[in-house]
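J.: Quick one: structure below, then a few questions.
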Amino acid sequence: MIPTIGQAAILVGLGLSAYALVAFVLAARSADAGLLASARRAVTASLVTAGIGSAALIISLLTHDFSVAYVARNNATTTPPFIGAISLWAALEGSILFWTLLATGWASLALWRNRHRHPAVVAWVGATLASVNLFFFAVMAWPGSPFARVTPVAAEGNGPNALLQNHPFMALHPPLLYLGYTGLAVPFAFGVAALVTGRLDEEWLRVVRRWTLVPWTFLTLGIVAGAWWSYEVLGWGGYW
């Protein structure tokens, strides 16, 4: 039941992202404030669906639902609950789901913060962010579903990668990097919007300065956490 809810949430998120993309483009061309607000709400709703999907996968990991291929490959009945929860980003499919959660979060925040500013520019910002989110929802809907089922259901899973279990910074390193990478979609979207609208003055640069510095800070912290982890765990002759 829980995996079915997670997969349904992904499909709904896919539809919402597609609607948001079309609505943002139409709003940009028609200057329709109502359509712009509707598209913004669709992005926020896609954040909710990504959150539901992430919660469903975490629950599947914690309950050892080995009917889900991702759980069978990255979890075991002996896996501690904390390690089971952070196995959300232990492999490709879960990482894409977590990435989408963060990407829709950044998009929702950026669009909300700029909801009363430069509607012509923000519409193209929204269209760019919605297209990015649409891509990742599409990946999860077809080739990389985190809720793909496996039969027969195994009595035991493979368990997570041992390197994910031997240092607490492995719980911190990937989320920090993901926050940085996904956050940089916001200044990218403003850059695209500036090019499309021809507003190439310094105004859009002032708007995105903070949206660039905050993800850059997350990336820096993620690199530090990864360096610390690799130095203590991998050794590498004392070098990172």
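The values are calculated or read from the model by the stated rules, or taken from the named source; none is laboratory data. Keep in mind it's a predicted model, so treat the numbers as computed, not measured. Backbone-built Cβ (ideal geometry, glycine too); neighbour counts: all protein chains shown. Heads up: the accessible areas ignore ligands, DNA and RNA and are worked out on the full protein's heavy atoms, side chains in. Shrake-Rupley method; radii C 1.70, N 1.55, O 1.52, S 1.80 Å.
J.: Sorted by average packing, counted as other Cβ atoms within 10 angstrom per residue and highest first, what order do 192-201, 59-68 take? Before the final figure, lay out each step's value.
T.: Details: 192-201: 14.7, 59-68: 19.7.
Highest to lowest by the protection proxy: 59-68, 192-201.
J.: Taking amide H positions as placed 1.01 Å from N in the peptide plane, with prolines and chain starts having none, which residues 5 or more places from Asp32, or on another chain, fall under 5 Å of its amide H?
T.: Placed amide hydrogens put nothing under 5 Å from Asp32.
J.: On to the next question. Compute the FRET efficiency between Phe82 and Ala154 as 1/(1 + (r/R0)^6), taking r as their Cβ-Cβ distance and R0 = 22 Å, and round to the nearest 0.05. Mind showing how you got there, number by number?
T.: Working: r = 23 Å, r/R0 = 1.03.
For Phe82 and Ala154, the calculated efficiency is 0.45.
J.: Leaving ligands, DNA and RNA out of it, rank Phe137, Phe98 by accessible area with a 1.4 Å probe, largest first.
T.: Order by accessible area, largest first: Phe98, Phe137.
J.: Please list Tyr231, Tyr178 from largest to smallest accessible area, probe radius 1.4 Å, with all protein chains kept in place.
T.: Sorted by accessible area, descending: Tyr231, Tyr178.
J.: Leaving out ligands, DNA and RNA, what percent of the accessible area of the chain is carbon and sulfur, probe 1.4 Å?
T.: Percent of accessible area from carbon and sulfur atoms in the chain: 70.
J.: I've got another one for you. Helix by helix through the chain, keep the DSSP H runs that span 20 Å or more along the axis on Cα and average at least 1.0 on Kyte-Doolittle, and give those back in order.
T.: Values: long enough: 2-30 (41 Å, 1.59); 33-62 (44 Å, 1.48); 92-113 (31 Å, 0.95); 119-141 (31 Å, 1.82); 203-233 (46 Å, 0.50).
Those that clear 20 Å and a mean of 1.0 are 2-30, 33-62, 119-141.
J.: With a 10 Å cut-off between alpha carbons and a GNM built on the chain, which of Asn75, Asn161, Asn133 moves the most?
T.: Comparing Asn75, Asn161, Asn133 in the GNM, the peak value goes to Asn161.
J.: Counting helices only, and only those DSSP H runs with n ≥ 4, report the 222 nm mean residue ellipticity of the chain as the sum of -39,500 (n - 2.57) divided by its residues, in deg cm²/dmol to the nearest 500. List each step's numbers first, then the result.
T.: On the way: 9 runs with 171 residues, N = 240.
Theoretical 222 nm ellipticity from helices: -24500 deg cm²/dmol.
J.: Hey, for a label at Leu26 modelled as a point 7 Å past Cα toward Cβ, could you say which residues of the stretch 89-122 have their backbone N under 18 Å away?
T.: Under 18 Å, as judged by backbone N against the label point of Leu26, lie 120 of the stretch 89-122.
J.: For the stretch 119-240, just say rounded, prolate or oblate: build the C-alpha gyration tensor, square-root its eigenvalues into a ≥ b ≥ c, call rounded for a/c under 1.5, and beyond that prolate if a/b exceeds b/c, oblate if not.
T.: On the way: a/c = 4.36, a/b = 1.46, b/c = 2.99.
Since a/c reaches 1.5 but b/c is at least a/b, the shape of the stretch 119-240 is classed as oblate.
J.: Accessible area per residue for the chain in Å², computed with a 1.4 Å probe and the full protein assembly in place, what is it?
T.: Accessible area per residue, the chain: 48 Å².
J.: For the chain, what does the alpha-carbon gyration tensor say about shape, rounded, prolate or oblate, given a ≥ b ≥ c as the root eigenvalues, a/c under 1.5 as rounded, and a/b over b/c as prolate?
T.: Oblate, because a/c is 1.5 or more while a/b does not exceed b/c.
J.: As a test question: what accessible area, to the nearest 10 Å², does Leu177 have when a 1.4 Å probe is rolled over all protein chains in place?
T.: 30
J.: What does the accessible area of Thr104 come to, in Å² to the nearest 10, when a probe of 1.4 Å is used?
T.: 0
J.: Sort the following peptides by mean Cβ neighbour count (other Cβ atoms within 10 Å, averaged over residues), highest first: 87-94, 169-176.
T.: Taking the mean over residues of other Cβ atoms within 10 Å, the ranking is 87-94, 169-176.
J.: Restricting to Cα pairs below 8 Å that are 6+ residues apart, what does the relative contact order work out to for the stretch 136-240? Please round to a whole percent.
T.: Taking the mean separation of contacting Cα pairs over the length of the stretch 136-240, I get 33 percent.
J.: A further question follows. Calculate the length of the line joining the C-alpha centroid of the stretch 69-125 to that of the stretch 165-219, in whole Å.
T.: Cα centroid of the stretch 69-125 versus Cα centroid of the stretch 165-219: 15 Å apart.
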